[in-house]
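Asker: Here you go, one structure.
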Amino acid sequence: MRITPVILSGGGGTRLWPMSRPERPKQFLSLMSDKTMFQATLERTHNSSMFGPPIIVAGMAHRELVEQQLSEIGISDAQIILEPSARNTAPAIALAALAAEDPSTALLIMPSDHVITNLAAFHQAVRAALAVVQEGWLATFGITPTGPETGYGYIQMAQAIATNVYHAAKFIEKPDAQRAAAMIASGDHVWNGGIFLFRADHYLDALARYAPEMLTAAQLAMRNAVIEGNAVLPDAGSFAASPSNSIDYTVMEKATRVAVVPVTMGWSDVGSWDALYELNATDVAIDTLEIESSGNLVRSDGIRIHLAGVENMIVVASGNDVLIVPRGKSQDVKRIVEALQAKRD
């Protein structure tokens, strides 16, 4: 049985402001190549012997973007579920599980805004997880840490249950630097990459046990959905009744049969302009000229940017906005966005 990819594309984050904005968030931007991150995520599952047609869960506001970018890469068999409101990942995945044609199909849950450079390693990890998923396990993929990162959650691995598949002993929220270093030193912790594999019916069974009100809301939303071609519009009132929670909090941290597959696959969630610099994606500005300058990330979708005697800076121009921030400080973009929003309010 082929795996059904489920692409979660409901995010409207602004960590890559000013290019990423609620009306066109980062998954719909071409940050690493001529393909957008959304398109690159879909193309990871173009192997028709391994994967079936995808299910995409996106916000209603992004319908046109989703349809346009699917058309650009020649995907016509995707099912698009348009969330009437944002209720976090657990309800979004419930909609996809209910939409699966076969309840026993395995769903590969992938955020639409991650980078994976080693596709072979990713597919190998998926195959390893599939064996235990068919036995009733809920699987997640643990990213091999490259250092004591405090911006990610962690998963502690326990005993092996299959080749390169381990029982997930504990999920840990974003730690402080001291605790992160201790977990890395222990050798049995991996980053929580937010990618999952499980059967549709097993996920719904878990919701029935741990979050029955969420399952009921999703079932009613899909039962009363409007179908427009390949697009599914769940009932807004029913879906709004669902609690808003992540899959980690709702299911993965509570279920007993949770497996983790450690994998080194060149993964990044591209959570900041600094992260993009680390991925060597520095050369997309238009006609940039740098004189006696180095270590900079320069991006523009319009105006030309030129630097002289500037080092280790991030300069991004989009529309009427220009961001200038030292490398290593790009998390401060959030503060700028919040301040701008406060001025508008």
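Asker: From the list M265, M313, which residue is surrounded by 13 or more Cβ atoms within 10 Å (Cβ to Cβ), closer than 30 Å to M157 by Cβ and not basic (K, R)?
Answerer: The conditions single out M265.
Asker: Count, please, the residues in the stretch 1-54 that happen to be closer than 17 Å to E83 by Cβ and either of a type outside the set (D, E, K, R) or in contact with a Gly (Cβ under 6 Å, 6 or more places away or on another chain) (or both).
Answerer: Residues that pass the stated criteria total 14.
Asker: Output the residues belonging to the stretch 135-187 that are in a loop (DSSP other than H, G, I, E, B), over 17 Å from T264 (Cβ atoms) and in contact with a Gly (Cβ under 9 Å, 6 or more places away or on another chain).
Answerer: G151, G153, E173, K174, P175
Asker: Please verify whether the stretch 207-215 includes one or more residues that are within 23 Å of S112 (Cβ to Cβ) and out of contact with any helix residue (DSSP H, G or I) (no Cβ under 7 Å at 6 or more places or on another chain).
Answerer: The answer is no, given that none of the residues of the stretch 207-215 is within 23 Å of S112 (Cβ to Cβ) and out of contact with any helix residue (DSSP H, G or I) (no Cβ under 7 Å at 6 or more places or on another chain).
Asker: If I filter the stretch 297-304 for residues that are part of a strand (DSSP E or B), in contact with a Lys or Arg (Cβ under 8 Å, 6 or more places away or on another chain) and without any contact (Cβ under 8 Å) to a residue 60 or more places away in the chain, do I get at least one hit?
Answerer: Filtering the stretch 297-304 for residues part of a strand (DSSP E or B) gives 297-300.
Of the ones still in play, those that are also in contact with a Lys or Arg (Cβ under 8 Å, 6 or more places away or on another chain) are 297.
Keeping just the survivors that are without any contact (Cβ under 8 Å) to a residue 60 or more places away in the chain gives 297.
Yes, the stretch 297-304 contains a residue that is part of a strand (DSSP E or B), in contact with a Lys or Arg (Cβ under 8 Å, 6 or more places away or on another chain) and without any contact (Cβ under 8 Å) to a residue 60 or more places away in the chain.
Asker: May I ask you to say which residue of S9, S20 is free of Cβ contacts under 8 Å to residues at least 24 places away in the same chain and either in contact with a strand residue (DSSP E or B) (Cβ under 7 Å, 6 or more places away or on another chain) or open to solvent by less than 20 Å² (accessible area, probe 1.4 Å) (or both)?
Answerer: On inspection, the qualifying residue turns out to be S20.
Asker: I need the full set of residues from the stretch 100-115 which are open to solvent by 20 Å² or more (accessible area, probe 1.4 Å) and not in a loop (DSSP other than H, G, I, E, B), in order please.
Answerer: P111
Asker: Something else about it: Would you check if T256 is modelled with pLDDT under 95 and of a type in the set (V, I, T)?
Answerer: Values: modelled with pLDDT under 95: yes; of a type in the set (V, I, T): yes.
Here the answer is yes, as T256 does meet what is asked.
Asker: Looking at E213, E253, can you tell me which residue is open to solvent by 30 Å² or more (accessible area, probe 1.4 Å), in contact with a strand residue (DSSP E or B) (Cβ under 8 Å, 6 or more places away or on another chain) and in contact (Cβ under 8 Å) with a residue 24 or more places away in the chain?
Answerer: Details: E213 fails: in contact with a strand residue (DSSP E or B) (Cβ under 8 Å, 6 or more places away or on another chain).
Just a single option satisfies the conditions, and that option is E253.
The values are calculated or read from the model by the stated rules, or taken from the named source; none is laboratory data. All of these numbers come straight from a predicted model, not from anything done at the bench. Every residue, glycine as well, gets a Cβ built from its backbone with ideal geometry; the counts of neighbours run over all protein chains shown. For the accessible areas, the whole protein counts, side chains as well, though only heavy atoms, and no ligand, DNA or RNA atoms are used. Shrake-Rupley method; radii C 1.70, N 1.55, O 1.52, S 1.80 Å.
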